[in-house]
Amino acid sequence: MPAEPASRSTAQPDADVDAGIVADVVAEVTGVAPRLTADEFRLAELRARTAAVLQLVHSRLRGEPSPAAPAAVRDLGAVRDLSAMQDVGAMQDVGAVRARTGVHPAESLRAAGSLFRRSLPGLVAHHPDVPAEQVALVLHGVIDKLVVPAAVSYVDVLLARISDANRDERRRVARDLHDHTSHGIGAAMQGVDLVLHLIATGEPADVDRLRATRQVLLDTLNDVRGLATRLRDVVGVRSLGQALQEYLDFTVPVGLEATLTEEGEAAHPLPSHVKEESYLIVREAVRNSLVHARQATRLEVGVLVADGQLLATVVDDGPGFDPAAVDTTRTVGLASLRERAEGLGGSVGLQAGPTGVRLALTVPLTPAAA
């Protein structure tokens with residue numbers, strides 16, 4: 001004879017219990033993981049996923065088949081039925097969605113903790129015939145089935161972004177080699193061929209042409225050195241401020257006033273991965289200013305580590321631009337910078353107008369790092 005399923009509590013319908021738990025979970029998550037309730041879609045998604053977890057827990061505690069997904073979940077396009085949760089960890093797209101919308105995994109973990117804390121007392125009371133330890137184990141198992149695949153899909157999205165950013169960087173290097181280096185070498189070859197022709201025909205060599213050819217070769221050599229520096233450049237043992245100062249010293253042209261201010265990094269050293277990625281983001285912002293704001297007379301770079309976060313800024317007084325009108329085929333692009341920042345759990349903000357451009361990178365730091 002098969003074991004009888006645990007008796008159903010008749011004191012209160014599941015839906016009423018779940019509604020109260022969902023409200024409690026949303027209230028706590030709003031405080032500990034505010035990005036998960038930042039807009040109506042995310043709020044609806046949180047409510048739907050919480051309700052789905054509770055329904056599955058009820059079913060498992062009673063030994064019943066997994067229920068169909070709630071309408072709210074189906075409308076979100078998350079899963080077709082909750083039985084999928086058993087095999088693939090349920091709602092596997094959660095991590096991908098949150099990665100694309102800038103929600104850090106830490107917030108998802110905080111939300112999972114809130115879900116467990118706020119759900120357990122109500123579930124224990126609603127299933128009095130099931131030992132509290134068993135309720136806790138079932139609830140933990142369902143939540144765990146959500147967290148693991150979501151973390152995998154989150155990482156997959158970030159890896160894809162890094163791959164895209166690296167591909168864009170390689171394409172830009174290829175364009176620079178074609179547009180600048182190859183053109184410079186070609187022009188220098190023409191100058192040399194002309195001088196050789198004059199010598200072969202017994203005419204005096206054109207000294208001015210030789211000098212111009214030498215300058216073209218020198219400019220091309222500097223371009224190649226710049227490319228090599230960008231390709232191999234890492235922060236290493238230096239601070240972020242030191243690395244940026246050296247980059248400014250090497251690249252800023254004569255006539256442009258460039259300053260760097262650094263505060264807090266000596267007292268709160270940054271983790272190596274934060275330094276390296278932040279350096280690439282700020283360096284690209286500086287490069288964009290040098291390339292696209294040639295009329296600028298001032299370039300200011302700032303590094304501030306305080307209040308548990310890194311704030312790095314790049315400001316120029318050039319003519320500004322319309323971010324929506326930027327030709328993304330000719331630059332790495334603001335989107336790639338934002339994706340790198342989101343990989344750190346941070347963000348990039350841009351203010352552009354007729355008096356210049358200000359780019360701000362903000363990266364939250366763990367207590368140990370900050």
Taking segment 44-83 and the residues there that are farther than 22 Å from GLU28 by Cα and of a type in the set (S, T, N, Q), the one that is modelled with the highest pLDDT would be SER59
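Conditions (1) within 30 Å of GLY345 (Cβ to Cβ); (2) crowded, with 16+ Cβ neighbours inside 10 Å, marked per residue:
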residue	(1), (2)
ARG170	yes, no
ARG175	no, no
HIS178	no, no
HIS183	no, no
ILE199	no, no
ARG209	no, no
LEU218	no, no
SER239	yes, yes
Listed by first then second residue, the pairs whose first member lies in segment 296-314 and is within 14 Å of ALA258 (Cβ to Cβ), whose partner is of a type in the set (Ser, Thr, Tyr), with beta carbons under 6 Å and at least 6 positions apart or on separate chains, are LEU299/SER289; GLU300/THR259; GLY302/THR261; GLY302/THR313
Can you run down the residue pairs with Cβ atoms below 7 Å, 6 or more apart or on separate chains, where the first is in segment 251-265 and at positive phi and the partner is not acidic (Asp, Glu)? GLY264/LEU304; GLY264/VAL305; GLY264/ALA306
Name every residue in segment 350-367 that is part of a strand (DSSP E or B) and not hydrophobic (A, V, I, L, M, F, W, C), in order of residue number. GLN351, GLY353, GLY356, ARG358, THR362, PRO364
Only one residue in VAL254, VAL282 is assigned by TED's automatic domain parsing to the domain that holds ALA341 and either closer than 30 Å to MET189 by Cβ or part of a strand (DSSP E or B) (or both), so which one is that? VAL254
Based on what the data block shows, is ARG161 within 30 Å of GLN215 (Cβ to Cβ), basic (Lys, Arg) and surrounded by 14 or more Cβ atoms within 10 Å (Cβ to Cβ)? no
How many of the residues making up segment 190-224 are modelled with pLDDT of 85 or more and basic (Lys, Arg)? 2
Any residue in segment 336-358 that's closer than 16 Å to PRO271 by Cα: show its pairings with residues that are of a type in the set (Asp, Glu) at Cβ separation under 7 Å, as long as the two are six or more apart or on different chains. ARG340/GLU277; GLY343/GLU277; LEU344/GLU277
What number of residues in segment 336-360 are in contact with a helix residue (DSSP H, G or I) (Cβ under 8 Å, 6 or more places away or on another chain) and of a type in the set (S, T, N, Q)? 2
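A quick yes/no check of all residues on (1) in a strand (DSSP E or B); (2) in contact with a strand residue (DSSP E or B) (Cβ under 8 Å, 6 or more places away or on another chain):
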{"residue": "LEU260", "(1), (2)": "yes, yes"}
{"residue": "ALA266", "(1), (2)": "no, no"}
{"residue": "LEU270", "(1), (2)": "no, yes"}
{"residue": "LYS275", "(1), (2)": "no, no"}
{"residue": "SER278", "(1), (2)": "no, yes"}
{"residue": "VAL286", "(1), (2)": "no, yes"}
{"residue": "GLU300", "(1), (2)": "yes, yes"}
{"residue": "VAL303", "(1), (2)": "yes, yes"}
{"residue": "LEU310", "(1), (2)": "yes, yes"}
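Listed here are the residues, each with its yes/no results for (1) in contact (Cβ under 8 Å) with a residue 24 or more places away in the chain; (2) assigned to a loop (DSSP other than H, G, I, E, B); (3) under 30 Å from LEU310 (Cα atoms).
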position: MET189; (1), (2), (3): no, no, no
position: LEU194; (1), (2), (3): no, no, no
position: VAL216; (1), (2), (3): yes, no, no
position: VAL237; (1), (2), (3): no, yes, yes
Note: among LEU260, LEU227, just one is surrounded by 12 or more Cβ atoms within 10 Å (Cβ to Cβ) and modelled with pLDDT of 85 or more, namely LEU260
Given (1) crowded, with 18+ Cβ neighbours inside 10 Å; (2) touching a Ser or Thr at 6+ places or on another chain (Cβ under 6 Å), LYS275 misses just (2)
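The values are calculated or read from the model by the stated rules, or taken from the named source; none is laboratory data. Only a predicted model underlies this, so the values are computations on that prediction, with no experimental measurement involved. Backbone-built Cβ (ideal geometry, glycine too); neighbour counts: all protein chains shown.
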